[in-house]
Amino acid sequence: MLVSAIRTKSGLLPNVSPSIIVELLAMLTMSNDTLDAASPRFLNEQILHESVSGSIYKVYDTHLRKTAAVKKFNTDLSSIARHEYEIYTAIGEHPNVAQAYDLFYDDINQQACLVMEFCDDGSLVDRLTVAPTGFGREEFLHYSRQLAAAVMHMHSKGVAHRDIKGDNVCMMSSGRTLKLLDLGESQVAELPVEILQCGTITYLAPEIVSATHTARSRVNIYNWHFDLYKSDVWALGITMYSMSTSRLPFQFAHETDIGYLHYLRRDTFGDWDTWCSIDGDIQELLLNMCDPDPNIRWSMEQVVHYLSALS
C-alpha cells in the first residue's frame, strides 16, 4: 500500500523525492520483519507424547514449510536437548535414522525445542500391537535389515545408541520404511561410561544389568569399561525377538529373573512354544546377537552380513 500510494499511472509522483521513497520502502520492510518475528513458528500443534522431561508434538513448521515433530524440553533439561541434537549432527543423515532439523530456545515458554522429522505411521510397538504373533518372515527380514543398517551407521560414526527398543523405532507409511530415533541416551562409544542403566531394563545387556546390580547404583562408580557396541547388539537382538514374536523373552537379563535363568541353561529363549515358532536361521541370528558373553556376541558387521544372506 505504501508503494502504491506514491505511484500514478505514469510512474512516481513528481513531487516525491527519491530519499522519501527509500525511507517509505524501509518502513515497509521493517514492518514485515516485525510481523514475521511475532508470528508463531508452529501451527496446528497436536500432542503425541507427554513425560516428566517434556512433550512431543506434531506441528506444521512455518520455517521448514512442512509437518514436523517437536520435542519440547523444560529449561532445566536444555542440556539434554543440545546433547541429542549434537549426536544427530555428528552421525549425519541415513535413510533409517530420523533427522533432526533444528534446535532453538523458546524464551517465552522457557523451553528448548528440538525439531525432528515426523514419522506418520506410529512406532514399531504400535505395528506389533496389531500383529499378535509377530511379523511374518518377509516382513521381519525387510524391517530387520533396515534397523540393523541404522545401528551399523551409528557405530560407523563412533556412537552407541544405548536405548534401542521398539518404542524408539518409528514407521513411515511411504516405502515401508522404519527409522531409529531418540538419541538422548546415546554417547561416543569410546568415552567412559558414566551412567550404567540407560533406557529400559528389559533391553539392557547382561553385563550392564549385572554391574548395576553389583554397584546398587545407576552410576558407574567403579569406572568399569563396557563395549557399548555389543550392548547395542544385545538390545537390537531383544527388539528383533519382539519383531518375530510380539513378545519379550524375559523381564531382564539377570540370574534373579527365572526366564533369563532358563536361557542361561539353554532350556529356551523365551517360552518354548514361542521359541519353536521362529525359523531356525532366525533363531541362530538371535542367539548370536544375545550371547551373554559380550566377547562372543556378534558385532553389527556380522549381524548385517548374516541378514543380507537370508532370503
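Read-outs: derived from the displayed coordinates by stated rules, not from any lab. These numbers come from a predicted model, not from an experiment. Cβ placement follows ideal geometry from the backbone for every residue including glycine, while neighbour counts extend to all protein chains displayed.
Given DSSP loops and a limit of at most 13 other Cβ atoms within 10 Å, what is the longest stretch of the chain that contains no such GluC sites (Glu not before Pro)?
Here the longest segment lacking exposed loop sites spans 94-189.
For the stretch 179-275, divide the Cα radius of gyration by the Kirkwood radius and give the resulting Rg/Rh value with two decimals. Show your work: numbers first, answer last.
Numbers: Rg = 14.1 Å, Rh = 14.3 Å.
For the stretch 179-275, the value is 0.98.
Got a sec? Charge dipole of the stretch 42-117, +1 on Cβ for Lys and Arg, -1 for Asp and Glu; which of F104, S79, H63 is way out at the positive end?
H63
Project the alpha carbons of the chain onto their principal axes and report the range along each, largest first, in whole Å.
Over the chain, Cα extents along the principal axes are 97, 45, 31 Å.
Given the stretch 105-164, what whole percent of its Cα pairs are spread farther than 14 Å?
Details: 1312 of 1770 pairs.
Taking all Cα-Cα pairs of the stretch 105-164, the fraction more than 14 Å apart is 74 percent.
Average projected area of the Cα convex hull of the stretch 124-309, in nm²?
On the way: hull surface 40.7 nm².
Result: a mean projected hull area of 10.2 nm².
Which of the residue pairs K58/K230; K157/K179; K66/K230; K66/K157; K71/K179 have a Cα-Cα distance greater than 26 Å in the structure shown?
On the way: K58/K230 34 Å; K157/K179 17 Å; K66/K230 37 Å; K66/K157 29 Å; K71/K179 17 Å.
Cα-Cα > 26 Å for K58/K230; K66/K230; K66/K157; rest within.
How many percent of DSSP beta bridges within the chain run antiparallel, rounded to 5? Intermediate values should be presented prior to the final figure.
Values: 38 of 39 bridges.
Expressed as a percentage, antiparallel bridges in the chain total about 95.
What is the spin-label model distance, in nm, from S299 to Q251 if the labels are put 7 Å beyond Cα along the C-beta direction?
So the two model labels end up 3.6 nm from each other.
Take the alpha carbon atoms of the stretch 133-193, find their radius of gyration, then divide it by 2.2 N^0.38 Å using N residues; give the quotient. Before the final figure, lay out the partial values.
Numbers: Rg = 13.0 Å, N = 61, 2.2 N^0.38 = 10.5 Å.
Taking the Cα Rg and dividing by 2.2 N^0.38 Å, one obtains 1.24.
Taking 0.36 nm per intervening residue step and subtracting the Cα-Cα distance, what contour gain separates L287 from D267 on full extension?
Stretched fully, the L287-D267 segment lengthens by 5.9 nm.
Please list, by residue number, every one of the chymotrypsin sites (Phe, Trp or Tyr not before Pro) in the stretch 209-311 that is coil in DSSP and has at most 16 other beta-carbon atoms within 10 Å. Could the numbers behind the result be given before it?
Working: sites: Y222, W224, F226, Y229, W234, Y241, F250, F252, Y260, Y263, F269, W272, W275, W298, Y306; in loops: Y222, W224, F226, F250, F252, F269, W298.
Those that pass, being in a loop and sparsely packed, are Y222, W224.
State the cysteines of the chain left without a partner when partners are defined as other cysteines whose beta carbon lies under 4.7 Å away.
Flagged as lacking a Cys partner: C113, C198, C276, C290.
In deg cm²/dmol, rounded to 500, what helix-only [θ] at 222 nm does the chain give when every DSSP H run of at least 4 residues adds -39500 (n - 2.57) and the total is split over its residues? Intermediate results must be reported in sequence, preceding the final value.
Numbers: 11 runs with 125 residues, N = 311.
It comes out at -12500 deg cm²/dmol, rounded to the nearest 500.
Cut-off is 10 Å between beta-carbons; in what order do I208, I296, I201 appear when sorted fewest neighbours first? Intermediate values should be presented prior to the final figure.
Values: I208 26, I296 9, I201 14.
In order of increasing Cβ crowding within 10 Å: I296, I201, I208.
Which whole-Hz couplings ³J(HN,Hα) result when phi for each residue of the stretch 122-138 is put into the Karplus expression 6.51 cos²θ - 1.76 cosθ + 1.60, θ = phi - 60°, listed in order with x for Gly and Pro?
Values per residue, Gly and Pro as x: x, 9, 4, 4, 4, 5, 6, 4, 9, 10, x, 10, x, 6, x, 4, 4 Hz.
Taking just the alpha carbons, could you work out the radius of gyration and Dmax for the stretch 42-117, both in angstroms?
Considering the stretch 42-117 through its Cα atoms, Rg and Dmax are 12.0, 35 Å.
So what is the relative contact order of the chain, in percent, for Cα pairs below 8 Å that sit 6 or more residues apart?
Numbers: 485 pairs, mean separation 40.6, N = 311.
That works out to 13 percent.
Whole-Hz Karplus ³J(HN,Hα) for the stretch 76-82, in order, using 6.51 cos²θ - 1.76 cosθ + 1.60 and θ = phi - 60°, x for Gly and Pro?
Along the stretch 76-82, the couplings run 5, 10, 4, 5, 5, 4, 5 Hz.
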